[in-house]
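Beneath this line is the structure, given in structure tokens, with notes to follow.
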Amino acid sequence: MTGSKPMKNELRYPDGRTIICKAWDTDQDGEYLMVEHRMTQKGAINGPHWHPVLTERFMIEQGTIHFKVDGDVMAAGPGSIVSVWPRQVHQFWKEDDELLVMRHEIRPPGNHWRMFELIHKLETEGLMNRKGIPRNPLWLGAAWASMDGYIAGPPRFVQKVLLGGLGRLAKAFGYKV
């Protein structure tokens with residue numbers, strides 16, 4: 001297995017979001033993680049980022065979510081499927097207060113569930129700022145190390161040196177989920 005299996009199958013965030021691990025398995029196409037996102041809050045879910053090897057597929061069951069993938073913006077509603085391939089810069093957000101139910105498949109799973117658990121921990125313990133960024137630089141490094149990818153914008157080598165260095169320090173000092 002490429003990542004660590006869920007300690008809990010359901011994460012309830014302070015803002016009401018829920019992420020549920022629906023499956024972590026292997027099929028003819030390899031290992032995958034399937035989660036369900038349930039959320040009502042509007043605003044950014046994440047910032048622009050990309051993954052070197054992960055493929056993500058989002059299946060909208062209820063509500064509407066907006067995606068930006070390699071510069072193309074789209075609104076996705078019930079029945080929509082949005083695929084994001086390795087190296088595509090992507091982000092998503094909600095513009096309304098309606099319930100969104102979205103299935104999210106990650107192939108291979110990498111550290112994605114660990115990232116969800118870490119962000120859950122940081123939000124639950126009040127360790128994030130209003131923009132959803134960890135206040136403590138070591139937690140920022142730990143979060144970056146768990147995302148299986150890169151933030152769009154800063155050069156990859158800069159992220160590896162600065163954020164990767166913070167991630168290694170965080171690990172050395174025992175920062176973990």
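Considering segment 1-62, the qualifying strands (runs of 3 or more DSSP E), each wholly inside and each with 1 or more residues that are modelled with pLDDT of 95 or more and at positive phi, run over 30-39.
Taking segment 77-107 as the range and being out of contact with any Lys or Arg (no Cβ under 9 Å at 6 or more places or on another chain), within 21 Å of C21 (Cα to Cα) and surrounded by fewer than 16 Cβ atoms within 10 Å (Cβ to Cβ) as the test, the residues that pass are P78, G79.
Looking across segment 152-177, the residues that are closer than 20 Å to V89 by Cα and without any contact (Cβ under 8 Å) to a residue 12 or more places away in the chain come down to P154, P155, R156, F157, V158, K160. How about segment 87-105: which of its residues are in a loop (DSSP other than H, G, I, E, B), of a type outside the set (D, E, K, R) and farther than 18 Å from E36 by Cα? Within segment 87-105, Q88, V89 qualify.
Kindly indicate whether G149 is open to solvent by less than 60 Å² (accessible area, probe 1.4 Å) and touching a Pro at 6+ places or on another chain (Cβ under 7 Å). Yes, satisfied. Scanning segment 98-151 for residues that are basic (K, R) and touching a residue at least 12 places away in the same chain (Cβ under 8 Å) returns R103, R107, R114, K121.
The values are calculated or read from the model by the stated rules, or taken from the named source; none is laboratory data. These figures come from a predicted structure and were not determined experimentally. When we count neighbours, we look across all protein chains shown, and the Cβ atoms used for this are built from the backbone with ideal geometry, even at glycine. The accessibility values were calculated without ligands, DNA or RNA, using every heavy atom of the protein model including side chains. Shrake-Rupley method; radii C 1.70, N 1.55, O 1.52, S 1.80 Å.
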